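Chemist: Provided herewith is a single structure, encoded as structure tokens, for subsequent inquiry.
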Amino acid sequence: MARMKLDLKSREAFAALALHDKNAYLQEVAERTAKARGEAFIPLTKDALSRLRRFYMRRSFADLKQDEIADEGVRHALGGLAEAIRAGEVQKVLEHELPAKTDPEPRKITRIPPDDDTQLMFWVPAVFDAPIKDDMNLMDIAPFALAKTTGEGIIRYELKDAIITVEGGADVGLATAYDYDIVINMISHLAEAVRQYRIEEKKGLRPSLPSRVYRPAASEILKFCRRELGGKQYLDLERALDRLQATRVKITNLTGGKRRETQSFPLIGRYKVVSRTTQDRIDQIEIEIPTWVYEGIVKPDGKPSILTLNADYFLINRPIAKFIYRLARKAAGEGEAFYSLPEVHKRSGSKLPPHKFRHAVEQIVADAKLDPLPDYDLILEQGERSAILRMRHRTRPARLTPATPSSVAAS
């Protein structure tokens, strides 16, 4: 079992709310709790809201008066919600990585884009290359938890040329694959700013280097990441920034002989909410671009590595599928690449046991036949020692010979 912090308002802040706002807030807490548990959300009745308002202020189960509730289901549901509020967290099962157990029909890998979606193709630099020199990059592993809400603990990758650990904050946990979309937005902004800088420099002008501080509007980030502009998305955005700032990546290079270089860096630097809307939604933001990103793009030792991501990457709705796309984009490019399934499992950082991870990948490969992953076809083959995941760009002709253990990407 994992736990998700609820990030509840203080009793003082709750008391300051109007009655309508108190009820709306409790409905939101109930919905978040149900979602974390994988349960259907049933809106609270006026009677339940009344009981919960009293409980929220005093944290006394006597205020729930559960013995007066005739419906046993409502009584237990209200008690469970109160337990979550009192603890400030809710237990949940990490089911977001698992394929559906009872649905025999293929499920879509990508979600439907927003109604006002105007996203175009864009350049996204693989900053994972430049700051880590030439011997390591983070696109070969997942620098985030394979979760839709939050992750816990530490992810440790032991590769042949480096040991990489990804650790989240004690209070907010690890950044998720969806949080990382914000990092891609930040990187893309900087890459475009550098491009414009080079153009002006070639014209003989004296432009200023791009700023270390990125100042987007929250709506700009959401539109770039092809998300809806509802109230929940703004709340999720602020929580995502907390997780990104708290998540640190530490890399120990194993190829330097006795002097092993170690680097440690956050996914984003300091951030600040500059302004909020009249509805108290996050509006203007400042994000400090961390040194490892900035120097890797603006002041690279060599040519910075720039990769084009398909805009539909943001529409991929499964964390493991997002990781597989990133792995394919880096390893296969416009050709093909293949990894043993145990190696894919190791590089994903997934908490699933090997047999369940294989089932999840099998489901993605099967579903991708009707709803393909952007740019790449996925084929799961059986090698001599283990299953092999082949990732092939669609412009690449099909390979006729089966994969052999010697051709499988090494760990």
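The values are calculated or read from the model by the stated rules, or taken from the named source; none is laboratory data. Owing to the predicted nature of the structure, the values given are computational and were not obtained by experimental measurement. Every residue, glycine as well, gets a Cβ built from its backbone with ideal geometry; the counts of neighbours run over all protein chains shown. We work out accessible area using only protein heavy atoms, side chains counted, and drop any ligands, DNA or RNA first. Shrake-Rupley method; radii C 1.70, N 1.55, O 1.52, S 1.80 Å.
Chemist: Which Cα, out of Thr278, Met186, Asn253, lies furthest along the positive dipole direction of the range 183-299 (beta carbon charges, K/R +1, D/E -1)?
Modeler: Most positive-ward Cα: Asn253.
Chemist: Sticking with this one: Using the Karplus curve 6.51 cos²θ - 1.76 cosθ + 1.60 with θ = phi - 60°, what ³J(HN,Hα) values do you get for each residue of the range 173-180, in whole Hz, with x for Gly and Pro?
Modeler: x, 7, 5, 9, 4, 7, 4, 5
Chemist: Could you tally up the Lys pairs in the range 278-381 with alpha carbons closer than 20 Å? Skip any pair fewer than 8 positions apart unless they're on separate chains.
Modeler: For the range 278-381, qualifying lysine pairs total 8.
Chemist: Between Arg212 and Thr262, what FRET efficiency comes out of the Förster formula 1/(1 + (r/R0)^6) with R0 = 25 Å and r the beta carbon distance, rounded to 0.05?
Modeler: 0.60
Chemist: Determine the share of the range 244-368's accessible area contributed by carbon and sulfur atoms, expressed in whole percent, with a 1.4 angstrom probe.
Modeler: Summing carbon and sulfur atoms, their accessible area is 46 percent of the total for the range 244-368.
Chemist: How much length is gained if the chain between Lys35 and Lys160 is pulled fully straight, taking 0.36 nm per residue apart and subtracting their Cα-Cα distance, in nm to one decimal?
Modeler: That works out to 41.1 nm of additional length.
Chemist: Once the Cβ-Cβ distance between Ser275 and Leu229 is put in as r, and R0 is 22 Å, what FRET efficiency do you end up with, to the nearest 0.05?
Modeler: Step by step, r from the Cβ atoms, then E = 0.85.
Chemist: Something else about it: Given the peptides 374-383, 11-20, 179-188, arrange them by the average over their residues of other C-beta atoms within 10 Å, most packed first.
Modeler: 179-188, 374-383, 11-20
Chemist: With a sphere of radius 11 Å drawn around the Cβ of Pro372, what net charge do the other residues whose Cβ falls strictly inside it have (Lys, Arg +1; Asp, Glu -1)?
Modeler: Once all neighbours under 11 Å are counted, the net charge is -2.
Chemist: For the ranges 48-54, 322-328, what's the packing order if you count other beta-carbon atoms within 10 Å of each residue, average per peptide, and put the highest first?
Modeler: Those peptides, ordered most packed to least, come out 322-328, 48-54.
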